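Visitor: Before we start, here is the structure in question, set down as structure tokens.
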Amino acid sequence: MLWPVILPFQITCGVMLFVVLAYTAFPYPPKLTRAKAFVFGSAFGLIAFIPSCTGIMMAVDTVRFGAFHYDSYDDVPDFRSRRYLPEKATDIFMHKHANGYFARYELPEREFRSYLDELWQEYGQYSAVERGGFMDEGQVVDCKMFDLRFGHIGWDCPAGSLVYYSPSEPDGGGATYYVDPNSSSITQRTGFW
């Protein structure tokens, strides 16, 4: 849940440590003692920490969140974005956010079913919901619900697609798949903490 804050926090700690040490080593004005410079530098670091962390987080988030395209699963750079993504997926359009991602990719339905069966076989015993326990699993997608989930990205509802689910983590993490039986296109919504 707090993982998006860890990297900006670490960077900010490093920057503030450098500022305090540099100000202590080279105090200004020069007649200031090193002890007083350390106290003033530390006070500045405490006061500036939250605004600095916020600014660093905004800068870092522009690089790690947003819209991306990958040719294949192997091109997806981070393990969080690989969660619940089939290894044979190609032409992947991904919209990442702090608690998951939305993806649209190409994968033959046969390959997807094989992937989903393996996923349930390996992790099904840990799932908070049994396979088939979601109320709309295996049914045709409700385009109104689809538009609520994906409308902000601009993806159209793949009419006639069937809804499937990955094993559900106890904290609510998991994936919802919208599989178009008339093409090899799959739309996915993944959440994690």
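The values are calculated or read from the model by the stated rules, or taken from the named source; none is laboratory data. Keep in mind it's a predicted model, so treat the numbers as computed, not measured. As a convention, Cβ positions derive from the backbone with ideal geometry for all residues, glycine included, and neighbour counts pool all protein chains shown. Quick note on the areas: whole protein, heavy atoms, side chains included, nothing else; ligands and nucleic acids left out. Shrake-Rupley method; radii C 1.70, N 1.55, O 1.52, S 1.80 Å.
Visitor: Quick check, is Asp91 of a type in the set (Asp, Glu), part of a helix (DSSP H, G or I) and at pLDDT 90 or above? Can you show your working first?
Guide: On the way: of a type in the set (Asp, Glu): yes; part of a helix (DSSP H, G or I): no; at pLDDT 90 or above: yes.
No, not satisfied.
Visitor: A follow-up question, please. Going residue by residue through the stretch 138-148, is there one that turns out to be among the aliphatic types (A, V, I, L, M), modelled with pLDDT under 90 and not in a loop (DSSP other than H, G, I, E, B)? It would help to see each step written out before you state the result.
Guide: Filtering the stretch 138-148 for residues among the aliphatic types (A, V, I, L, M) gives 140-141, 145, 148.
Still in the running and modelled with pLDDT under 90: 145, 148.
Filter again for not in a loop (DSSP other than H, G, I, E, B), leaving 145, 148.
Among the residues of the stretch 138-148, at least one is among the aliphatic types (A, V, I, L, M), modelled with pLDDT under 90 and not in a loop (DSSP other than H, G, I, E, B), which makes the answer yes.
Visitor: Restricting to the stretch 5-27, what's the tally of residues that are within 31 Å of the chain's Cα centre (by Cα), modelled with pLDDT under 90 and surrounded by 16 or more Cβ atoms within 10 Å (Cβ to Cβ)?
Guide: Final tally of qualifying residues: 0.
Visitor: Have a look at Pro8, Pro30 and point out the one that is out of contact with any Pro (no Cβ under 7 Å at 6 or more places or on another chain) and not in a helix (DSSP H, G or I).
Guide: Numbers: Pro8 fails: not in a helix (DSSP H, G or I).
Criteria check complete, one pass: Pro30.
Visitor: Just wondering, is there one or more residues in the stretch 177-192 that are of a type outside the set (Val, Ile, Thr), part of a helix (DSSP H, G or I) and loosely packed, with under 15 Cβ neighbours inside 10 Å?
Guide: If we filter the stretch 177-192 for residues that are of a type outside the set (Val, Ile, Thr), which is where we start, we get 177-178, 180-185, 188-189, 191-192.
Pick out the ones that are also part of a helix (DSSP H, G or I) and you get none.
Looking through the stretch 177-192, none of the residues is of a type outside the set (Val, Ile, Thr), part of a helix (DSSP H, G or I) and loosely packed, with under 15 Cβ neighbours inside 10 Å.
Visitor: Same structure, new question: Among Glu118, Glu111, which is the only one that is surrounded by fewer than 19 Cβ atoms within 10 Å (Cβ to Cβ), at pLDDT below 95 and within 13 Å of Ile186 (Cα to Cα)? I'd like the intermediate steps shown before the answer.
Guide: Values: Glu118 fails: within 13 Å of Ile186 (Cα to Cα).
Exactly one residue qualifies, and that residue is Glu111.
Visitor: Could you please give the count of residues in the stretch 59-72 that are out of contact with any helix residue (DSSP H, G or I) (no Cβ under 7 Å at 6 or more places or on another chain), in contact (Cβ under 8 Å) with a residue 12 or more places away in the chain and assigned to a helix (DSSP H, G or I)?
Guide: Looking only at the stretch 59-72, we keep the residues that are out of contact with any helix residue (DSSP H, G or I) (no Cβ under 7 Å at 6 or more places or on another chain), and these are 59, 61-72.
Checking which are in contact (Cβ under 8 Å) with a residue 12 or more places away in the chain leaves us with 61, 64-72.
Now narrow it down to the ones that are assigned to a helix (DSSP H, G or I): 61, 64.
Summing the residues that are out of contact with any helix residue (DSSP H, G or I) (no Cβ under 7 Å at 6 or more places or on another chain), in contact (Cβ under 8 Å) with a residue 12 or more places away in the chain and assigned to a helix (DSSP H, G or I) in the stretch 59-72 gives 2.
Visitor: Cβ-Cβ distance below 9 Å, separation of 6 or more or different chains: which pairs start in the stretch 29-58 with a residue that is within 12 Å of Leu17 (Cα to Cα) and of a type outside the set (Lys, Arg) and end on one that is at pLDDT 90 or above and open to solvent by 90 Å² or more (accessible area, probe 1.4 Å)?
Guide: Qualifying pairs under 9 Å: Phe38/Leu21; Gly41/Leu21; Gly45/Leu17.
Visitor: Something else now. Among the candidates Tyr101, Tyr115, Tyr123, which residue alone is of a type in the set (Ser, Thr, Tyr) and over 26 Å from Asp156 (Cα atoms)? Step through it out loud before you land on a result.
Guide: Working: Tyr101 fails: over 26 Å from Asp156 (Cα atoms); Tyr115 fails: over 26 Å from Asp156 (Cα atoms).
It is Tyr123.
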